[in-house]
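Presented below is the structure to which this report refers.
Nothing in this text is a laboratory measurement; each read-out follows from the coordinates by a stated rule. Fair warning: this is a prediction, and the values are worked out from it, not measured in the lab. All Cβ positions, glycine included, derive from the backbone under ideal geometry; neighbour counts span all protein chains shown.
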Amino acid sequence: MINKVVFISGASRGIGESLANYFAEKDYYVVGTSRNDFNFKNKSKNLFPIKLDITCRESIKICFNNLKEKNLLPTILINNAGITSDQLFLRMKDDEWDDVISTNLTGVFNLTKIFIKNMIKNKGGRIINISSISGLMGNPGQVNYSSSKAALNGFTKSLAKEIGSRNITVNNVAPGFIDTDMTSYLQEDAKQEIINTIPLQRLGNIDDVSKLVYFLASDEASYITGQTISVDGGLLMY
Ligand code: NAI
């Protein structure tokens, strides 16, 4: 029998890789994708790497057909892949806007659109989007990124309302500052300044995010949908 299948975009490193390992250790079968060829450092037999650019609908279709043939269509979809291309708005180039929106927002649309039908057929599923507190509180230099992540909040709520009756939950996880390649550009003093604003006085680690996502994917979270949940050490409180 095939274990539950989880599809994770952007699984070659950072939060996505941590998520992949986390689910694989719990006996899920993990299909992890990334733009470039990659291999999981962990050699678990439950981890299946695929090269896939989530902005390319043609490649997504091919990937879908391959997974269908192997009976590996996911019941849990984790839309994790994301990019930044930071620039002050007045200097932001069209490409910097387009690239971020097409990966962070349209990429989520592309994957969700293709995998949701099978979830409906199976009468259940989980869709978890990795958003950001930047989409909730804004951040100078990130008009493109904040817009893409804020849009995921609306995407999540509207889709949750449409497909709740099909026993599919849709949620959004909004990490704060997590120690990954994406935040590695920060100088030590800038990092310290950020840490001073975080009530828990540290950057998050990738496991902090994995634990929340794992919970949202589990049966225990079956009555939670349409939510954006922050994992940010208390940086943003309502
Ligand atoms: P990362 O830069 O370490 O990894 C991103 C992954 O996405 C890589 O595997 C990359 O190959 C993949 N990717 C990028 N564009 C792609 C495309 N077009 N097609 C397929 N794969 C693509 O990033 P990190 O830090 O692990 O972030 C993961 C998610 O968490 C992103 O959505 C990011 O916006 C979000 N996030 C991260 C925070 C942080 O502090 N690191 C804070 C808030 C949100």
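Contact map, segment 191-219: residues that are within 12 Å of the ligand (Cβ to nearest atom) paired with residues that are aromatic (Phe, Trp, Tyr), Cβ distance under 6 Å, separation 6+ or inter-chain. Pairs shown: 194/177; 203/177; 210/22.
Tell me yes or no: at least one residue of segment 174-187 is buried (at least 20 other Cβ atoms within 10 Å of the Cβ), in contact with a Lys or Arg (Cβ under 9 Å, 6 or more places away or on another chain) and in a strand (DSSP E or B). Checked against the condition, which is being buried (at least 20 other Cβ atoms within 10 Å of the Cβ), in contact with a Lys or Arg (Cβ under 9 Å, 6 or more places away or on another chain) and in a strand (DSSP E or B), segment 174-187 yields at least one hit.
Working only within segment 68-86, note down all residues that are within 20 Å of the chain's Cα centre (by Cα) and more than 13 Å from the ligand (Cβ to nearest atom). Listed by number, the residues that qualify are 72, 73, 74, 75, 76, 77. Of the residues 116, 62, the single one that is free of Cβ contacts under 8 Å to residues at least 24 places away in the same chain and more than 13 Å from the ligand (Cβ to nearest atom) is 62.
For residue 104, the test of being buried (at least 20 other Cβ atoms within 10 Å of the Cβ) and touching a Cys at 6+ places or on another chain (Cβ under 9 Å) is failed. Considering segment 99-113, and only residues there that are under 16 Å from the mean Cα position of the chain (by Cα) and of a type outside the set (S, T, N, Q), the residue that is nearest to the ligand (Cβ to nearest atom) turns out to be 107.
Looking across segment 10-44, the residues that are charged (D, E, K, R) and more than 9 Å from the ligand (Cβ to nearest atom) come down to 25, 26, 27, 37, 41, 43.
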